[in-house]
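Derivation of every value follows stated rules applied to the coordinates shown; laboratory data play no part. Remember, predicted model here, so these are calculated numbers, not experimental data. So basically every Cβ, Gly included, is an ideal-geometry build from the backbone, and we count neighbours across all protein chains shown.
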């Protein structure tokens, strides 16, 4: 049964310390969305988020929760958004699917490849709507780049370069301390390995620890890999080979810099932490270069530059506009909640796009190249890599099969 | 500098070369030049009566080791002719970099000042105590390189000390390089002889590398981390000792280094086995619970059935349990599952809960009986966890236990049982049983989410009668269910 287009959608926001405030703003501005609840394991964040929603939606009923499972128990909630740290993304989403909720979840999709696989299966089993929060996807620039690349004006694309400057800071040598009384540290850690509380391991800098995330690389991979996967409809790589270093001036352990070479069918994808020395890349802290037999194109979030036959161009007007434009990333999600159509950054797409990031992290940590077998979804002859790609959960949390 | 102290402790041995001493390797076997290569005329270097000889008649150029050395103690004996001139280059035999030479020179020229005499780092660092320069006699020399510190000893006495950070002309000195002997170059009739050349490569010494991991210099620390990873199993106890120092830097460095070590070993079967044994030995060894937990956790990379017994044996220890379970799940297989199932009888409730959850992740049908016991009688959260684990395994024998528990008065048990029934139904090859479980899961005590999941499952089965019945039930129990169902 499909719900009518003018029906209202009731949303709850889970994880509202950082990016969750973006969710509150985005969804708060959609007139057919009601926000029924916000949830955070930190009371400080929770109270601020309650205030934030009330400012946008004065006088509307709103509840605060510290345990996301109580949010999922509510029958009136249609969809949740998730902006927890990475190590919670999967379990929140699968629990939501199983509770009959649709999910708009922050990137990166998952903390491990095994989580990605579990997500895909659980969504399929429950037939829920999922959108990965890659909001850059909605923009005119990415749509136009897809049209230009697919038009063939660049010839056959043989190399894709992706980059994002900056790596993990060291974060110094802080000692563990008691968690603040407002924070449920045990719940914050959830399925991740347990550790004494250190403020730097928690809010806003958790990303610089393998226990919870994979550093800047894992954070930004999907925003910029998105345009390459979309334009070229890339499948999965056949190999990944990473190099780099970790910080030496603090407790953080994710890459201070990381470069990864990937082989795809007939194509190389090269991730670097430094800006590559290619036309149009200079000055762009994040970017993607398509290098083809007839020309090249550099794209970042909002801008692009094309090099063909010695000319530098902003657009190629002859290339027709064929791809329907997005109504907005969150709007698109809400419409799909109603129509039950696939979102613009749906789970199968997001999983495929995220997979090389997991291989890159694993190759970095093992300090060796990996050969990826697409048929068995395993690294060839590398038990340790396959184990690392499936880090088990900490009890009592369990990853649904 | 603790690393220098260790290095210096070894200099007492300078000149007293004894074959077979631990940690020392001969660089010259007294027979031929294996392990060396020369850049000049090979005939310029000969071996006579166990002694390495080079004369000014044929220019043999620099004779350099095939291997590179960074931190080391070199012992060598030399004799020079009346106006002989030779030397030993260290850490650097590369044309494009700073290349300090420890001078060996007969006292024949007035320019032989302290910056250019025997024992000096020629032109870079002068001797602080002039050594015995008598030609035509054997002398022993020791060269100690430890991080930024270089010490030169002649005849057992320190003659030169250098801190490479404080010598401007040594800026850019590589951290490691070949060691090279200089041919005699002061005249056709002059010569130099070398014998008893041996080296202690400190970068392969677990004690030295263990100390270097504590360096305040980040580059030295990272270098030591890489050396430690190469050393492998012998570093495991030293890394746990470092971890037990319990400062933020010690735990960070120890943990990361152990991960590098284990990662490296995981690609090399012989090293993997040795590292697994070393970790296994420490799981119930002498270090703190936290360090033993670290060792247990690292078996996730390199553990096999050989580690299962040890890991299962520490499940009663709440400090180690989490990591032991993570490794047991990573190892997987029937032996790990059996050990986990057998451990249930001896564990307290938190231990049982964690093991039940692990069995749910491992999904071995042979553990259904053990889990069924906990799914019927488990205390507190153990029972719901066992019900969910049974569902995850997807074995038909668990159906009855799950259906029984779905009638429980306890809402946690009821909910877990229905979750288990749904998971079991979704994994069932037996369509009849799946249909039965989907029907049973759609009861008044179920949540809306559970009823929706049952309906989605029923649609997947393509059982129209079942779908119709479940939709009817949903309409009666909770009309909102149907509004929110996916197509």
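So the values come out like this:
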{"item": "Cα-based helix-to-principal-axis angle, B:269-283 vs chain B, degrees rounded to 10", "result": "70 degrees"}
{"item": "Residue order, fewest to most beta carbons within 10 Å, for A:137, A:358", "result": "A:137, A:358"}
{"item": "Helix B:448-461 vs. chain B, principal-axis angle (Cα, 0 to 90°, nearest 10)", "result": "90 degrees"}
{"item": "In range of the label at residue A:263: residues from region A:351-383 whose backbone nitrogen is under 11 Å from the point 7 Å along Cα→Cβ", "result": "A:370-372"}
{"item": "Rh by Kirkwood over Cα pairs, then Stokes-Einstein D for region B:23-167 at 1.306 mPa s and 10 °C, µm²/s", "result": "100 µm²/s"}
{"item": "Peptide B:390-402 - average C-beta neighbours from other chains (10 Å radius)", "result": "1"}
{"item": "Listed peptides B:51-59, A:168-176, A:59-67, B:254-262 by packing density, highest first (mean Cβ within 10 Å)", "result": "B:254-262, B:51-59, A:168-176, A:59-67"}
{"item": "Label point distance in nm, residue A:54-residue A:141, each placed 7 Å from Cα along Cα→Cβ", "result": "3.8 nm"}
{"item": "Reciprocal mean inverse distance between Cα atoms of region A:19-67 - Kirkwood radius, Å", "result": "10.8 Å"}
{"item": "Convex hull (Cα only) mean projected area of region B:406-487, reported in nm² to one decimal", "result": "4.9 nm²"}
{"item": "Relative contact order [Cα under 8 Å, 6+ residues apart], region A:82-136, whole percent", "result": "40 percent"}
{"item": "Per-residue mean of C-beta atoms belonging to partner chains within 10 Å, peptide A:124-130", "result": "4"}
{"item": "Among A:141-149, A:306-314, B:194-202, A:104-112, the order from most to least packed when residues are scored by Cβ within 10 Å on average", "result": "A:104-112, B:194-202, A:141-149, A:306-314"}
{"item": "Contact order normalised by residue count of region B:370-480, Cα under 8 Å, 6+ apart, percent", "result": "19 percent"}
{"item": "Chain A - convex hull of the alpha-carbon atoms, volume per residue in Å³", "result": "145 Å³"}
{"item": "Relative exposure of A:222, A:361, judged by other C-beta atoms within 10 Å (fewest first)", "result": "A:222, A:361"}
{"item": "Rounded to 10°, Cα long-axis angle of helix B:318-331 versus longest principal axis of chain B", "result": "90 degrees"}
{"item": "Chain A: relative contact order as a whole-number percent, Cα under 8 Å and 6+ apart", "result": "20 percent"}
{"item": "Virtual spin-label span in nm between residue B:5 and residue A:76, 7 Å along Cα→Cβ", "result": "7.0 nm"}
{"item": "Highest-first arrangement of B:336-343, B:166-173, A:42-49, where packing means the average Cβ count within 10 Å", "result": "B:336-343, A:42-49, B:166-173"}
{"item": "Projected area averaged over orientations for chain B, convex hull of C-alpha atoms, nm²", "result": "31.3 nm²"}
{"item": "FRET E, pair residue A:62, residue B:464, Förster distance 51 Å, beta-carbon r, rounded to 0.05", "result": "0.75"}
{"item": "Alpha-carbon spread of the protein assembly as shown, three principal axes, descending order, Å", "result": "112, 75, 47"}
{"item": "Spin-label pair residue B:108/residue A:313, simplified geometry with 7 Å Cα→Cβ offset, distance in nm", "result": "7.8 nm"}
{"item": "Förster radius 41 Å - calculated FRET efficiency between residue B:218 and residue B:137, Cβ distance, rounded to 0.05", "result": "0.35"}
{"item": "Other protein chain Cβ atoms within 10 Å, averaged over every residue that makes up A:381-394", "result": "6"}
{"item": "Using a Förster distance of 56 Å, the FRET efficiency for residue B:306-residue A:19 (Cβ separation, nearest 0.05)", "result": "0.80"}
